[in-house]
Amino acid sequence: MMRRPYILFPLLLALGLASCAQMKEPPAKLAVLAPEKIGLAGDIPVAQQGWPAKEWWRRYDDAQLNALIDLALRDGPSLAVAEARLRVSESVTQLADADRGPAVGLGASVDRTGLSENGFAGTFTHIDPATEQPHGRWYSEGTIGLLSSYTLDIWGRKRAQFTAAVGARNAQRAELDQATLLLVAAVTRTYCQIQADHAALDLQHRARLLTQSLLQAHQERFQRGLEQRLPVEAARAQLLTIEQQISTTDDDLLQSREALRALLGADSAPLAIQAQPLPPAAGVMPPALDYRLLARRPDLQAWRWSVQASLNETEIARTAFYPSFDIKAFIGFDTVHMGDLFSKASRQINLIPGLTLPIFDSGRLNAELARAKSQEEVQIAMYNQAVVNAVAEVAHTALALNDLLRQRQLQGAKLEAISFAHASAQAHLDRGLDDRLHAMETELPVIREQEQAIILHNRQLVTEISLTMALGGGYAD
């Protein structure tokens, strides 16, 4: 008779094997993109400056820009959400780690019970079961002691839950780094746009003064009968066009300033940005682009950790098919006589091993496994797409940057040719061989081409910033 409990172990083993046989895991359809497939096409022009530095914006040597970025990193509201999500993820990781260990607590209770005379314990409503003496129908049971529980992680379920939480936390850390890079890039782009607008306004104001002088000169010549009215109206139309340009640039400058204020989290005080020349562009591109791109972009690292977390979620779903073993224990005191609660006779010890075995669940576990497997493949597909998009982003930005370099070279040659025409007219004016009107007319095209040069310069800076971000912005895993 004493050996009968051991007969249950073969039966439990058979039931465990039967429950495991119910697992119907869908076959894998997707795999993570192989590293050898990551790289630029051979016909993409590649410069040799290397990967971006961590604080890449300091290459522009602009103290005002550096101060703005420091302020954005300290007070920028766009980082608050990412930081809060990271804190939540870290708490979940701590909880998953703590769940792997045993739990011990102190429990105490007092149970005041009035017994029914017609119930199962009716015979004890007037007789004390301990003394067999008359007693009331009310009893008080006191219990106090240490409670503990521990689940054996035989199949690695707790470990997989912890690893999944770590993956999710690391993904949130990478997303915070990505948010930081996006904020820095946005501040730098907006700052460059503000400086470009300031430079354009200076040129437009020069063009307005020059056109006003031209209009006055044409009006005087018209009044003296030296020319028709057409040049007068043409000069007036040109002046109105310049006024429109000034108005548009003023509005763009205000819009950029307010966008920068939002990025910085600044208050209602005016945001004073001193006009500075646009910094020289210095395109950055590594000599080779391959799988190392994955470790240098925080968004790709976030996807990679999300894939790892989804793989662990699938493992968690697998372990649900296996038996679960736990142990509960109690050591303390229990009595129906409160005065004897802490007496030696009231000591009580409970040791309760437990087993939970899924046998029939109407397909719930397989459905959960299929869901986890599908979610895993979604994460893998999105990761692979993110890698392909990252390489394409680098390629497109590199091509755009090289095109802007050629455009700036052509613009410089064009500006040199037009400046020569103006310099020649000015020289003829100085020697009395030409009139002032012609010299002023040849200066206006120079101003227009200078403004176009500023536009191209700013576009090159913005594209350079985009390329820096496409290469990870100095991030290192």
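Laid out as a table, the results:
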| quantity | calculated |
| --- | --- |
| Relative contact order, percent, segment 143-284 [alpha-carbon distance under 8 Å, six or more residues apart] | 32 percent |
| 1.4 Å probe accessible area per residue over segment 174-240, in Å² | 48 Å² |
| Length-normalised contact order of segment 204-280 in % [C-alpha pairs under 8 Å, at least 6 apart] | 28 percent |
| Surface share of carbon and sulfur [accessible, 1.4 angstrom probe, percent] for segment 324-415 | 62 percent |
| Net charge, Arg261 excluded, C-beta distance under 13 Å - Lys, Arg +1, Asp, Glu -1 | -2 |
| Sequence ranges 241-253, 350-362, 370-382, 459-471, ranked by mean other-Cβ count within 10 angstrom, highest first | 459-471, 370-382, 241-253, 350-362 |
| Cα centroid separation, segment 193-227 to segment 50-121 (Å) | 61 Å |
| Probe 1.4 Å, protein heavy atoms only - accessible area per residue of segment 268-403 in square angstrom | 52 Å² |
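The values are calculated or read from the model by the stated rules, or taken from the named source; none is laboratory data. In this text, all values refer to a predicted model and were calculated from it rather than measured experimentally. Neighbour counts run over all protein chains shown; Cβ positions are idealised from the backbone, glycine included. Calculation scope for accessible area: heavy atoms of the full protein, side chains included, ligands and nucleic acids excluded. Shrake-Rupley method; radii C 1.70, N 1.55, O 1.52, S 1.80 Å.
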